[in-house]
Amino acid sequence: MLNAAELPDDIASLKAMLIAAQARETRKDERIERLEKLVAAFKQAAFGRKSEKADPDQFDLALEDLETAIAAIHAEDEADGPAGKKSAKPRAINRGSLPRHLPRVEEVIEPDSLVCACGGCLHRIGEDTSERLDVIPAQFRVIVTRRPRYACRACTDGVIQAPAPPRLIQSGLPTEATVAHVLVSKYADHLPLYRQAQIMSRQGIDLDRSTLADWVGRAAFELRPVFEALILDLKRSTKLFMDETRAPVLDPGARKTKTGYFWALARDDRPWNGGAPPGVAFTYAPGRGGLHAEQILQGFSGVLQVDGYAGYNRLIAPDRVGPNIQLAYCWAHARRKLVEITRNGSAPIAEEGVRRVGELYQIEAELRGRDPQFRLAARQERSAPLLADLEQWLIGNRARVAAKSPLGEALKYIARYWDGLNLFLSDGRVEIDNNSVERTIRPIALNRKNALFAGHDAGAQNWAAIASLIESCKLNAVDPQAYLTATLTAIVNGHKQSRIDDLLPWSYRSGV
């Protein structure tokens, strides 16, 4: 709270301060409302009807995402102070000493100068010591930070001490490397937080799942600007992939899950030797409608490679307002429908279709990694005649096959998306399928299999943001643990928002 002496004299400055204060109050009210909803979800999950029948481990999975969402809101609240100052008020969560048997790595932070302003020498009169939990692969350790205090014997100018280094978790136990380890274990290695707590307990480290959830939530809040920069960078491209996968989310009121979706937006220019680094960004949405794809793609213009899901048709609707988007479709999905028919017995037409599509793939295998001009020329010479024959084969067989039969439906699918399936003939950057984005989305499915569901919409959003950075690291052969450690360290040390692109995963190798 400012006193009267600290207020500026001019009216314009006072008005600016008042507007900023009102904006902070508005954001605080919004956060309170979000917290109230999360607390209500907590109560429903904990005390709702039939709660005693829930499996305890799965109940823990739901709670950790709720706790993570609350922690992210708390971090937002602390960051939203005047001049961006964070609250120095310590949080009473899991207080206690770290096990004595863990090895200690001591670092001493000295003042910049040991010469007093009067010219005398400063003498050590004590020190402040703090301990934080750090981790190296397969071994925990404790970082002991000592900050000696010095005073001058020749005068009474006071005590000199180096300032405490900034931390991601103010007054908390973990180093940034420890938080990164928890993130990678949860979102890359598919270890829920309650299992991580069990692993830590084997080394005598007694940490609650809720404490780990607090770390994840605060990290998610700090990493969100990097995630948003990742999405913006991807949408500056003119050739992207998109896919979606189910994201079961707990509905606490009903004690069951509802179905949300992770939408993956990916870039992979390596097949045509493009210069942009590969990356993927996941966005959680409560549904699968094309409206969500349209919202995610706001500002994007170019070729979007997708499967045949009808929701994408919204992007090319005649009355749509926005940048132009071309849809390139996936031959892998078309081929898959024919392959499924061949598995049910003798199907000569389907087998012939699979063989014809296979010829296109043989050509593509030879063109992978070549520049767009070379790919385009080769496709025009070799693939275009095959597709012209395939079109005549398709027309002829559709006339012979019952439209409602499985084979008729498969052929109808190919005919419906024929123009988009042929777009790779006119653009050397376009792939024959969207397998690139399907590969990036598999870890989400694996995490979903292990966790079964996300505990809350907000937890799913944090899941999407952190998984985006981790999977983009993998695409660029960057160690997620090292990247997240360096990135969180840079953020807590005041990395400038104007240079946020320097924190994207593909920038890590050149130094964060």
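The values are calculated or read from the model by the stated rules, or taken from the named source; none is laboratory data. For clarity, every value in this text was computed on a predicted model and none was experimentally measured. Neighbour counts are summed over all protein chains in view; Cβ atoms, including those assigned to glycine, are modelled from backbone coordinates with ideal geometry.
Structure above, values below:
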{"read-out": "Test: Asp233 is crowded, with 17+ Cβ neighbours inside 10 Å, at pLDDT 90 or above, more than 22 Å from Thr440 (Cα to Cα) and not aliphatic (A, V, I, L, M)", "value": "no"}
{"read-out": "Hits in region 315-335 (condition: out of contact with any strand residue (DSSP E or B) (no Cβ under 8 Å at 6 or more places or on another chain) and surrounded by 15 or more Cβ atoms within 10 Å (Cβ to Cβ))", "value": "Trp331, Ala332, His333, Ala334, Arg335"}
{"read-out": "Yes/no for Val339 being assigned by TED's automatic domain parsing to the domain that holds Gly408, surrounded by 19 or more Cβ atoms within 10 Å (Cβ to Cβ) and either at pLDDT 90 or above or of a type outside the set (Phe, Trp, Tyr) (or both)", "value": "no"}
{"read-out": "Candidate set: region 458-500, residues that are of a type in the set (D, E, K, R) and under 18 Å from Glu228 (Cα atoms); chosen: the one surrounded by the fewest Cβ atoms within 10 Å (Cβ to Cβ)", "value": "Lys496"}
{"read-out": "Residue in region 240-250 that is in a strand (DSSP E or B), small (Gly, Ala, Ser), modelled with pLDDT under 95 and in contact with a Ser or Thr (Cβ under 9 Å, 6 or more places away or on another chain) present", "value": "yes"}
{"read-out": "Selected residue (criterion: farthest from the chain's Cα centre (by Cα)) from residues of region 190-221 that are crowded, with 18+ Cβ neighbours inside 10 Å and in a loop (DSSP other than H, G, I, E, B)", "value": "Leu207"}
{"read-out": "Matching residues, region 101-124, being over 47 Å from the mean Cα position of the chain (by Cα) and of a type in the set (Val, Ile, Thr)", "value": "Val115"}
{"read-out": "Scope region 126-163; condition of a type in the set (Phe, Trp, Tyr) and within 21 Å of Ala177 (Cβ to Cβ); matching residues", "value": "Phe140"}
{"read-out": "Residue that is surrounded by 14 or more Cβ atoms within 10 Å (Cβ to Cβ) and of a type in the set (Ser, Thr, Tyr), where the choices are Ser113, Ser130, Ser97", "value": "Ser130"}
{"read-out": "Gln298 vs. criteria in a loop (DSSP other than H, G, I, E, B), surrounded by fewer than 16 Cβ atoms within 10 Å (Cβ to Cβ) and out of contact with any His (no Cβ under 8 Å at 6 or more places or on another chain)", "value": "yes"}
{"read-out": "Pairs with Cβ under 7 Å, 6+ apart, first in region 390-402 and touching a residue at least 24 places away in the same chain (Cβ under 8 Å) and more than 14 Å from Gly353 (Cα to Cα), second in a helix (DSSP H, G or I) and among the aliphatic types (A, V, I, L, M)", "value": "none"}
